[in-house]
Structures are given as structure tokens and as C-alpha cells.
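The values are calculated or read from the model by the stated rules, or taken from the named source; none is laboratory data. Bear in mind that the values here come from a model prediction, so they are computed numbers and not experimental data. Because the Cβ atoms are built from the backbone with ideal geometry, glycine has one as well, and the counts that use them run over all protein chains shown. Accessible surface areas use protein heavy atoms only, side chains included; no ligands, DNA or RNA. Shrake-Rupley method; radii C 1.70, N 1.55, O 1.52, S 1.80 Å.
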Amino acid sequence: MKRNCMKYIFVTFSASLDVDSPEKWFQRTEAYAGILYSLANENTVINIKQINYEGDCLHNGVLFHFINFGETNSYFPRRLSHFVKGLEPDVVFVQGLHNPLQLLQLCLTLNKKAKIIVQHHAEKPSTGIKKYILKLADRYVDAYLFASRDIGVEWVKKGNLASANKIHEVMEVSSIFSPMEKALAKSQTHVTGDPVFLWVGRLNDNKDPLTVVRAFLQFAGMNPSVRLYMIYHTDELLTEIKEILDSSPQKDNVVLIGKLPHDELQYWFNSADIVISGSHYEGSGTAVCEAMSCGCMPLVTDIFSFRMITDNGRCGLLYEAGNGDALVSALIRTRQMDIREQQKLSLEYFKATLSFEAIAQKIQEIASSL
């Protein structure tokens, strides 16, 4: 164990049996694992996970225990809880609030000196028996991390947690991407437009692409040089989007790209000027975070997580979710703004608050205060 440091144990109660090697797990979790790697610079960090592989692996300073205790998605993970206890942690970091019974058992198993931190991962407040079990576990949890404190307060209002005093505002994911020369990025994406807008996300009701497309077409009628490129890995509302485009004289101002490998997104984020979202709810906002890491200005809905991710709109624009007129007004405002200055603010805020290093530092400060 490193001198003058803390021992963190990261644990999740769910299994990912579709992953059959450590390398595939590292790739799947790259938007999150950088937080652990940054913590490991000054601390001992151990991650426990069940995949379709057993063994130990040291990766970027983090010791991974890939285990199989025969408790796959069990309500009573007794062996896992005792394994965590046997590692003698200073801090146990639990992923997610969706397994309150397992969390309660872990809390009751650990030594009292171990501090327990729980990270929210987009779950909605529980109801029924899960709500009351979580209230029991809450007695033993020392801190909760939410991407937005306001999201955590909702869990208190819904009776899942007793007090907002344990809630801390910490982003759950970051970005492996970084800025590059725009000309180089555009040589890969071949985008055109002034400015270039980018959508990255599912085409479902929560993401609300229909409001975004309708508003953008109206905006394009006033500003023919603009372009919106849409990247999506699910296509629930694609038929409706195509119908809207086919009936519009500005249909060529919206370009449907479809699904792309994740590593190619760096070129797209660096090609774009503004990233746009229509989400009604987000636990954090991974795509917007990735866009900001490349210097994109966010134009996003006025929801809790996006207020945090834009520093309450200081480095971007917020509009009412589902309100097409409000989005058109926000789009028009971009024509009067210094987009380059907003992009600079976005990148600075990302580095200071949303980067792996910044998140790890915040976690370290919280753990040290408990």
C-alpha cells in the first residue's frame, strides 16, 4: 500500500457476463475508469467486478479483481461482502443506487471504520419495498455523489434518503477525447456549415429529437449556412424524423449520419462548433461532456444535470425541454454570440470540473472529510 494514502475499493453488484476479457472491460468503461486511474496516483485503488472471466489484473495503477462467487445478480451477495471486508478498505465506493438490499448487507458486513460512498448512475428514485430498504441502508452510507446536487435533493424529497447533507455534486463520467486542429478533424468528417451543430444520442422520446429537428429547420430557414449532423446508435424515432425532413425545404440542412464507432466521435466533436441536446432527463450527460472536452459549446435543455455541466449556462445556452419556440430563440441567440469565447469557456470548465483529474480530486476531498 502506498504511503500516506487511502485504500479505495470500488464495487458493483451487477454482473456483465457479455464481457469475456479484462481488455474488453477496460475499453467498455474508458469514460469512467479514468477517475480510478487518477485516484491511483496517490492512493491504493481496487476494483471488484464480475465478468465472464476470473483473475486479477493490474492496469494503470488499479488492481482489478475479476471474481465469480456464484452470486450472479444475487439478492444476497454474502461472499462478495466478506471479500470486500477482508481487503480492509478505508473507503468503499458502491456503483449505483438500484440495489438497496445488497447495499444494506454490505454496510452491515463492513468494519465501522470503512467509509461508504455511493455513486448515482441515472437511476430514478425507488418506490415500494426498495425505497424502504434504501432508507435503512442510508443510515450507514457516509456520502452520495450525484452529477447535480438537485438530482440528489429529489431523492430526499421522494423519501429515499433522509437528508441532503450527505449529497455531493460530482460528475460520474468524463471523456477520453481532447481538442485537435479543426482542419484535421474536418478532413475526416467532411462536414460543412457555419456554424456546425452536432447531435449525439439515441432517437427516443426522452432525447426528444423531434423538437430539435423541427426547431433547427425553422432556424435554418433564416440562416441557410447552418448544418446539423445527427449521430445516433438507436433509431426509435428515425421514421418520424425522415418524414419531417422530407416535408421541409431546409431538409438538406440536417444530415443523418447514424451509428459510428465511439473512437471516431473525437473527429466529430472537434469538427463541430455547438453540441445540441433535447433531453428531458439525464443522470449526467456523457455526450455533452465529451463534446466540451473537445471545445464544443453546449446548447442543451434546462435540466438539473445540464445546469451543472454548463455551469448554469455560463459556458453555453439552456432552454426549456420540449419547448420548440425556446429552442429556436436559443438557436437565434447563437448568431449574436462569440462562439469562440464560449468554446474556450467550455474547455476551461471541463478541465476544472469534468475531467478525470478534477473528479478524482473532488472524490479525494470528500473521502478525506468523512
Within the chain, which is the longest segment that contains none of the trypsin sites (Lys or Arg not before Pro) sitting in a DSSP loop with at most 13 other Cβ atoms within 10 Å? 4-111
Quick one: which residues, 5+ away or cross-chain, put their amide H under 5 Å from the amide H of L198? H built at 1.01 Å from N. Y229, I274, V275, I276
Cα extents of region 1-76 along the principal axes, largest first, in whole Å, come to 36, 27, 19
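Any idea of the accessible area per residue across region 82-192, 1.4 Å probe, to the nearest Å²? The partial results should precede the final answer.
Numbers: 5010 Å² over 111 residues.
Normalised by residue count, the accessible surface of region 82-192 is 45 Å².
Between I339 and H233, what FRET efficiency follows from the Cβ-Cβ distance if R0 is 22 Å, with the result rounded to 0.05? It would help to have the intermediate numbers written out before the result.
Values: r = 27 Å, r/R0 = 1.24.
Computed FRET efficiency for I339 and H233: 0.20.
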Looking at this model, which pairs from K24/K124; K130/K362; K7/K362 are more than 25 angstrom apart at the alpha-carbon? K24/K124; K130/K362
Tell me the per residue accessible area of region 280-354 using a 1.4 Å probe; a whole number in Å² is fine. 38 Å²
List the lysines whose alpha-carbon lies under 24 Å from that of K251, not counting same-chain residues fewer than 8 positions away? K186, K207, K242, K259
When the scattering of region 193-287 is computed by the Debye formula from its Cα atoms alone, each counted once and equally, what is log10 I(q)/I(0) at q = 0.13, 0.14, 0.26 Å⁻¹? -0.41, -0.47, -1.55
Sort region 141-223 into rounded, prolate or oblate with this rule: let a ≥ b ≥ c be the square roots of the eigenvalues of the Cα gyration tensor; rounded if a/c is under 1.5, and if a/c is not under 1.5, prolate when a/b is larger than b/c, oblate otherwise. oblate
What one gets for region 1-156 as the Kirkwood radius, inverse of mean 1/r over different Cα pairs in Å, is 16.1 Å
Under 1.5 on a/c is rounded, so check that first for region 131-177, then, if it is not, pick prolate when a/b is larger than b/c and oblate when it is not; a ≥ b ≥ c are the square roots of the alpha carbon gyration tensor eigenvalues. prolate
C-alpha center-to-center spacing [region 79-106, region 330-370] in angstrom: 31 Å
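Quick one: compute the contact order of region 87-240, relative version, from alpha carbon pairs under 8 angstrom and 6+ residues apart, as a percent.
Working: 196 pairs, mean separation 26.1, N = 154.
The normalised contact order for region 87-240 reaches 17 percent.
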Which percent of the accessible heavy-atom area of the chain goes to carbon and sulfur, probe 1.4 angstrom? 48 percent
Below 8 Å between Cα atoms, with a sequence gap of 6+, how large is the relative contact order for the chain in percent? 14 percent
How big is Rg to Rh over region 229-269, alpha-carbon atoms, Rh as the Kirkwood inverse-mean-distance radius? 1.03
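Return a whole-number percent for the relative contact order of region 190-313, with Cα pairs under 8 Å and 6 or more residues apart as the contact set. Please report the intermediate quantities before stating the final value.
Working: 208 pairs, mean separation 35.7, N = 124.
This gives 29 percent for region 190-313.
Is the shape of region 249-370 best called rounded, prolate or oblate, per the rule: a/c under 1.5 gives rounded, else a/b larger than b/c gives prolate, else oblate, with a ≥ b ≥ c the square roots of the Cα gyration tensor eigenvalues?
Values: a/c = 1.85, a/b = 1.54, b/c = 1.20.
Taking the square roots of the gyration eigenvalues as a ≥ b ≥ c, region 249-370 is prolate.
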Project the alpha carbons of the chain onto their principal axes and report the range along each, largest first, in whole Å. 65, 42, 36
Counting C-alpha atoms alone, how compact is region 89-191: give Rg to one decimal and Dmax as a whole number, in angstrom. 18.3, 58
